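The values are calculated or read from the model by the stated rules, or taken from the named source; none is laboratory data. Quick caveat: nothing in here was measured; it's all calculated off a predicted structure. Here Cβ is always computed from backbone atoms with ideal geometry, including for glycine, and neighbour counts include all displayed protein chains.
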Amino acid sequence: MRKLLSCLLIQSLLLFQVQVAFAETNDDFIIEKITYLTDKGDQVDLKKIQGEIKTKAGEVLNSEYLTDDIQLFMKKLPQYEHVAATIEPGSSEGKVYLNYTFQKKRVVRIVRIMVEEGGSELDGLLDGLATKKGRVFRTDTLERDKEYLRKTYVRAGYPKVRISHKLKEARREKDLEVQFHVIPGSRKVRVKKVNIYGNFSIGTDVLKDVMETRTRSWFLASHPNYNDFSLEEDLEAVLRHYKDNGFLDVRLRHELDLQDNKYAWISIFVDEGRRYRVHKVDINGPKAFDKKTVLELSGLHRTKYFSERDLRQGLQKIRKHYGRHGYALVQTLSSYDPVNGVLGVYVQEGEKQYINDIKVEGQDKMKPERILLDVKFEKGDLVNIEKIQKTLGKMKATGYYADVKIDYIPKEGENKGTLLIQVKEAGTQFISFGFGASTSGPSGQFGYGNNNLFGSGLGLSIQAMKSEEVTRLGLIFSDPHLFGSDFELEARADYVDRAGAQYDEQRIRTRIMIEKAINEQLKLGFGARFEFVTLDDMAEGYQQQNVDVRKETRIIGMISTLVYKNETRDSAGDIKKGHRIKLALLPSYSDEGAYIKAFTEIVGAVSLGENSSGASHTLSGRITLGYASDKAPVFEKFYAGGIGTIRGFESRSITPNGNGVGANALVSMNASYSFPLIKNRIKGVIFIEAASVGTNFSSMDGLRAVGGLGIRANLRDTFLGTSIEAGYAHPLIQQDGDRLKPFYFMFGEYDPAYDL
């Protein structure tokens, strides 16, 4: 114990020497003053042991004496459970203040945060404190909490905030009430103006684009809060941008002007300095590829000015190219001669590396053989770094793992090694349920699933949904590696009972799909379907106008699909940019004869920027086309209305000429703008949708269109595991007799127009 205390005190002394920055090293610090205080600031009574204390004011500081004294205090003053010594600079060089803090064993019973006038209490502050109810009180924890509160309020727009504390004895002596006092020092400060001066070579708008600090936010054009920490990061970002454009000597300074303690005017002054050019790029070291090829791969031959960013990217391109060809241990070095403008790159290739063994670690339930189905390497393969990265991405996308790492460990002195797969299994079971209400009545849904049954990689889910119009039960089984191959199997059985205006429909259907990913974006699928359909409670006269209507129908059909998808998502889990194309062809046979049903769906999205929580402002659009031949049963034809085609109209209520008979042709379009309102939790949605149906594409019925808005909540990290959206759709174009349903409510993303 004595040795440990001595080491800690010596480290404190060394830290103190650095902080006071003495010109010369001086081990003899004179103690100018000593204080003995409790954690409440009261003087400690040391009369009985005064003569035993070794450390004296006016004498040289001795770490061993400090250790002895602390042990003395702990032994002779048992009412204190903890004694700490801190050292501060004295009134002159070579002198120090020595402060002892004596702490009783007390339990925190109450924690309060008290905000003085001019400030506002922020949400979640108590959750972030280390000082909590029921814990033993610690002075060092108290100081950390005060710094946490200070930084939190600075980020919230109070740059002059001060934090103090007060300790109050509760009714029992060992109980303590801890009060934190927040003194705002100013009203909440918002950014009014950002000015940049001296930027002769790079435009102001360009520099502001690399900054997070804005004078206006996206929503309602309000001024954002001033944040010291964000401004420091912004200054670093501006510096990096200059250096990435050849200004290696750039310097910045800034000034902050607070107007009425309410608005901040930020001025940034730039001293650009010299801009360094690149006149020549020298490539040295490559043997497997010629120098010209390596130079063109790097893209550095197009560099006009020295840029650390371009250099990093160029070297990465070289390493990536070598990594694709088995040179897993390649190294790249660089140098820059500013006088002559020569950029030098040296490539140390190493030998080609081969996989001698593949090992899996960290699994609990899953067998290594099952995990290796997602690892596209075999013993004897070249170590392809790009292929390793793709494998890593694919494994993470399966949802089986909370974390995955892939490392190559070479054998010393050999050109082969071990590919090590380290996994941490994720929880794969889920239960979801939800409830909603609309003008047509209440609705609810329930789901249970496990996408990794018994660690086998097989998936099984049960889904149920009940509303005023539809009852649906479904069972889905999936195997992402059918018989250990790259083919994916999905088999489902459904029961659907739908009440409609023209007839009620009951379906029992089974579908089997086998899909294969051609690459990361493209997937092909083939399958079969078997359905038994019963129609009853037909409207009077409906069967007379549809000669092919049967009360009981059997369907046997094939399914072929093509999906091309290249999308990325934001922190809310919503698609922020990219596109998706889905084509489906269903040649089928029913009691009425053979027919064809087909549809295509094209979706695109572009991000306009993100907020500080990573939620995107997104413009998106969708076009859906559907076609069914004349012999398709009425329930296989197309209907518009409801989520997926056009909101604001009752589900499946739009038919050609309003006769209730399904359409042979469908066109549905959507354009929407989604924007974050609260972090990545709540988004607003503005949309326009249109749809039309007809007996063929050349004779479409009247167009319907709506405009609307909604609120979407991100509940993906809750038991629901998805998002919910509610909103209002107002008809812009409608036809006589249309059945409207202005309010909508939905779980998850927009349903596709016709789900396979």
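Yes/no per residue for (1) more than 28 Å from G455 (Cα to Cα); (2) in the same structural domain as L372 (by TED's automatic domain parsing); (3) part of a strand (DSSP E or B); (4) not hydrophobic (A, V, I, L, M, F, W, C):
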position	(1), (2), (3), (4)
S478	no, no, yes, yes
F483	no, no, no, no
E488	no, no, yes, yes
D494	no, no, yes, yes
Q502	yes, no, no, yes
I514	no, no, yes, no
L524	no, no, yes, no
R529	yes, no, yes, yes
For this session: Can you confirm whether segment 632-648 contains a residue that is surrounded by 18 or more Cβ atoms within 10 Å (Cβ to Cβ) and among the polar types (S, T, N, Q)?
Result: yes
Seminar exercise, completed: Out of (1) part of a helix (DSSP H, G or I); (2) in the same structural domain as S230 (by TED's automatic domain parsing); (3) at pLDDT below 90, the one Y242 does not meet is (3)
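Residue by residue, here is whether (1) surrounded by 15 or more Cβ atoms within 10 Å (Cβ to Cβ); (2) within 25 Å of E169 (Cβ to Cβ) holds:
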{"position": "T55", "(1), (2)": "yes, no"}
{"position": "E88", "(1), (2)": "no, no"}
{"position": "S91", "(1), (2)": "no, no"}
{"position": "M114", "(1), (2)": "no, yes"}
Problem set entry | Any helices (runs of 4 or more DSSP H) falling wholly within segment 278-381 and containing at least 2 residues that are at negative phi and modelled with pLDDT of 90 or more | 291-298, 308-324
Exercise. When you scan segment 338-356, how many residues do you find that are loosely packed, with under 15 Cβ neighbours inside 10 Å, in contact with a Gly (Cβ under 8 Å, 6 or more places away or on another chain) and not aromatic (F, W, Y)?
Worked result: 1
Exercise. Do the conditions hold for I724, that is, is it assigned to a strand (DSSP E or B) and in contact (Cβ under 8 Å) with a residue 40 or more places away in the chain?
Worked result: yes
Exercise. What do you reckon, is E505 of a type in the set (D, E), touching a helix residue (DSSP H, G or I) at 6+ places or on another chain (Cβ under 8 Å) and more than 29 Å from K376 (Cα to Cα)?
Worked result: yes
For this session: Please state which of the following conditions I318 fails to meet, knowing it meets all the rest: (1) surrounded by 14 or more Cβ atoms within 10 Å (Cβ to Cβ); (2) over 30 Å from T418 (Cα atoms).
Result: (2)
Exercise. Do we have any residue at all in segment 52-75 that's modelled with pLDDT under 90, under 51 Å from the mean Cα position of the chain (by Cα) and in a loop (DSSP other than H, G, I, E, B)?
Worked result: no
Exercise. Could you list, in sequence order, the residues of segment 382-424 that are of a type in the set (K, R) and either part of a strand (DSSP E or B) or farther than 27 Å from Q521 by Cβ (or both)?
Worked result: K405, K411, K416, K424
Problem set entry | Selection count where residues are surrounded by 12 or more Cβ atoms within 10 Å (Cβ to Cβ), over 16 Å from E177 (Cβ atoms) and touching a strand residue (DSSP E or B) at 6+ places or on another chain (Cβ under 8 Å), scope segment 117-139 | 2
Exercise. Is it true that some residue in segment 30-49 is more than 44 Å from the chain's Cα centre (by Cα), modelled with pLDDT of 90 or more and in a helix (DSSP H, G or I)?
Worked result: yes
For this session: Look at D630 and say whether it is modelled with pLDDT under 90 and touching a helix residue (DSSP H, G or I) at 6+ places or on another chain (Cβ under 9 Å).
Result: no
Seminar exercise, completed: Only one of (1) within 46 Å of the chain's Cα centre (by Cα); (2) assigned to a helix (DSSP H, G or I) does not apply to V83, and that is (2)
For this session: Considering every residue within segment 155-176, establish whether at least one is part of a helix (DSSP H, G or I) and either farther than 17 Å from I113 by Cβ or not assigned by TED's automatic domain parsing to the domain that holds D42 (or both).
Result: yes
Exercise. Going by the structure shown, is G644 within 30 Å of the chain's Cα centre (by Cα), assigned to a loop (DSSP other than H, G, I, E, B) and either in the same structural domain as G614 (by TED's automatic domain parsing) or of a type in the set (K, R) (or both)?
Worked result: yes
